[in-house]
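Notes to accompany the following structure.
The values are calculated or read from the model by the stated rules, or taken from the named source; none is laboratory data. Keep in mind that what you see is a predicted model, and the values were worked out from it rather than measured. In this analysis, Cβ positions are derived from the backbone assuming ideal geometry, glycine residues included, and neighbour counts consider all displayed protein chains.
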Amino acid sequence: MAPKGDDQYHAKDAIGPGVRGALVGGGAGLFVAALRNSMQRTNVGAWGVFTRGGSAITTVSAVMGMYEFSRIAAANLREKEDHYNQAIGGFLAGSILGLRTGRMPRILGLGAFSAVVMAAYDYTGGSLSGFKRDPEEDEYERKERLRMNRRRPVEETLAEVGEGRSIRPPGYEERRRLRLKEKYGVDINTVSADPNA
């Protein structure tokens, strides 16, 4: 048993999510079997969903149920919540896919493949769009923090880009006048848009 503390693992129910996973998988398998049955060239009847697609329904149901159950059971046994639990669940679920062939290399290969995919998915944040943001952090403060992190001083930007081309830092007109006088010998008086000047 883990020592008492704030980071102590609390056991979870594995049977409930396993049954829910099996029901969701059975529903998904039934949907796919119904689609396949409706696209048959010959009229096989409504029971063709179960007679022809029964194995797909039970396989998908068993895969989903086994994944959910074994993932949570592994976390309960190890008393840790990490990506290894996803790998264990993925291996057992992938092995069920390989059981239909009855060949040991395929059972182990599909198990290993799904274990790697599920563990990598969980390890990289469990989302196809990247890591999840902290729900406690205010969005405005997060954006301000990102802006401050990437903000550069104006002097550095001007030194890199240079003056001109609509970039007019303080004192630009005076420096321009001096450059034109040195290069062309022309003295230019600045024109002010202010009528009172």
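Of the conditions (1) under 26 Å from the mean Cα position of the chain (by Cα); (2) surrounded by 14 or more Cβ atoms within 10 Å (Cβ to Cβ), residue 23 fails just one. Which one is it? Answer for residue 23: the failing condition is (2).
Can you spot a residue in the range 140-163 that is farther than 30 Å from residue 53 by Cα, in contact with a helix residue (DSSP H, G or I) (Cβ under 8 Å, 6 or more places away or on another chain) and surrounded by fewer than 12 Cβ atoms within 10 Å (Cβ to Cβ)? The answer is no, given that none of the residues of the range 140-163 is farther than 30 Å from residue 53 by Cα, in contact with a helix residue (DSSP H, G or I) (Cβ under 8 Å, 6 or more places away or on another chain) and surrounded by fewer than 12 Cβ atoms within 10 Å (Cβ to Cβ). Among the conditions (1) within 28 Å of residue 91 (Cβ to Cβ); (2) in contact (Cβ under 8 Å) with a residue 12 or more places away in the chain, the only one that residue 27 does not satisfy is (2).
Checked against (1) under 27 Å from the mean Cα position of the chain (by Cα); (2) assigned to a helix (DSSP H, G or I), residue 56 passes all but a single condition, namely (1). The range 89-197 holds helices (runs of 4 or more DSSP H) entirely within its bounds, and those carrying 3 or more residues that are farther than 24 Å from residue 18 by Cβ and outside the structural domain of residue 68 (by TED's automatic domain parsing) map to 139-150, 154-161, 172-184.
Quick grid of which residues meet (1) surrounded by fewer than 16 Cβ atoms within 10 Å (Cβ to Cβ); (2) under 35 Å from the mean Cα position of the chain (by Cα); (3) acidic (Asp, Glu):
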site: 27; (1), (2), (3): yes, yes, no
site: 32; (1), (2), (3): yes, yes, no
site: 36; (1), (2), (3): yes, yes, no
site: 41; (1), (2), (3): yes, no, no
site: 45; (1), (2), (3): yes, no, no
site: 61; (1), (2), (3): no, yes, no
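Find all pairs meeting these conditions: Cβ atoms under 9 angstrom apart; at least six residues apart or on different chains; first residue within the range 61-80 and without any contact (Cβ under 8 Å) to a residue 12 or more places away in the chain; second residue part of a helix (DSSP H, G or I) and surrounded by fewer than 20 Cβ atoms within 10 Å (Cβ to Cβ). That search, which allows pairs on different chains as well, returns 78/84. Scan the range 139-162 for residues that are touching a Pro at 6+ places or on another chain (Cβ under 9 Å) and at pLDDT 80 or above and the total you get is 0.
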